[in-house]
Amino acid sequence: MKFVDGDNISRYASSEVYKTANEKTKEFAKSAGCSPLVWWSLLGQYMRVLNVLNQDIKGKSILDLGCGSNGGTEEKIKYGSLYEPWFSRFVYQNIQELKLNIFGIDKGDLEREEFPHMQLNLLEEKALINNFKKNSFDIITAFRLFNSPELEKETYNRIEYNASKESSDKLMNILSWQIKEILKPEGIFLYYGVGEEVSPNKNINKLLPVL
Ligand SMILES: C[S@@+](CC[C@H](N)C(=O)[O-])C[C@H]1O[C@@H](n2cnc3c(N)ncnc32)[C@H](O)[C@@H]1O
């Protein structure tokens, strides 16, 4: 089992794999009518998954923590549709082709989503191990969960553009041992966007894949 900080991934897959990922995500973004920024972020997330799995994604199961939602969160107020569950939607829509399975979790509204999901507050003690069996997933992702403004509001009732290091650490302490339980022995926990007070612009730079 490995914990991987996706911010530190400096090398992505070969250019052929990048080209296919680029096309697939672009096609999806076009049909979903999402903004170029959403597409760019989605491409970065998909490339990170391909990268940590060494492109061997066939039949793999992903749990996407803080997958994004359609409302009831600080993200929706501050960023509109930017943090809807694009990655989970993308994988679900292309599930046959990508041969990846997806399950999304978020505190916000996921009611009308088609991909398998659960509305859950991850700050609740044992939230994961109460809902999933041991050795359930090949990869658990948490893209910008640890610097979520909703996390800061829930933890310290503070309204910020990003979560602080304190609330990020608190969530990591609650989750890390549970993640180890529900990941398969060779599984990977891939995250990026740890808690820090940064400006929205600086944060947006973190979305950009290094290719
Ligand atoms: C910045 S958004 C990122 C969404 C998506 N992963 C992405 O990268 O586009 C962070 C998400 O984490 C969710 N979140 C924050 N605190 C949470 C908690 N305690 N439990 C579950 N989800 C939480 C928020 O509701 C929000 O949808």
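Details
- Single condition Glu114 does not satisfy, out of (1) in a loop (DSSP other than H, G, I, E, B); (2) within 13 Å of the ligand (Cβ to nearest atom): (2)
- Leading residue by the ranking (farthest from the chain's Cα centre (by Cα)) among those in the stretch 39-54 that are crowded, with 22+ Cβ neighbours inside 10 Å and more than 22 Å from Lys2 (Cα to Cα): Leu43
- Odd one out for Asp109, checked against (1) under 18 Å from Met172 (Cβ atoms); (2) within 13 Å of the ligand (Cβ to nearest atom); (3) part of a loop (DSSP other than H, G, I, E, B): (1)
- Scope the stretch 79-101; condition of a type outside the set (Phe, Trp, Tyr), within 12 Å of the ligand (Cβ to nearest atom) and in contact with a Phe, Trp or Tyr (Cβ under 7 Å, 6 or more places away or on another chain); matching residues: Ser88, Arg89
- The set of residues from the stretch 153-177 being within 17 Å of the chain's Cα centre (by Cα), within 13 Å of the ligand (Cβ to nearest atom) and part of a helix (DSSP H, G or I) comprises Ser168, Leu171, Met172, Leu175.
- Filter result (in a strand (DSSP E or B) and of a type in the set (A, V, I, L, M)) within the stretch 47-66: Ile62, Leu63, Leu65
- Among (1) of a type outside the set (Asp, Glu); (2) part of a strand (DSSP E or B); (3) in contact with a Gly (Cβ under 7 Å, 6 or more places away or on another chain) - the single one Ser69 does not satisfy: (2)
- Sub-7 Å Cβ pairs linking a first residue in the stretch 55-78 that is crowded, with 20+ Cβ neighbours inside 10 Å and at pLDDT 95 or above to a second residue that is aromatic (Phe, Trp, Tyr) and in a loop (DSSP other than H, G, I, E, B), at least 6 apart or interchain, are Gly68/Tyr83, ordered by first then second residue.
- Of all residues in the stretch 1-46 being in a loop (DSSP other than H, G, I, E, B) and under 20 Å from Tyr191 (Cβ atoms), the one that is modelled with the highest pLDDT: Met1
The values are calculated or read from the model by the stated rules, or taken from the named source; none is laboratory data. Remember, predicted model here, so these are calculated numbers, not experimental data. Counting neighbours? That spans all protein chains shown, and the Cβs are built from the backbone with ideal geometry, glycine included.
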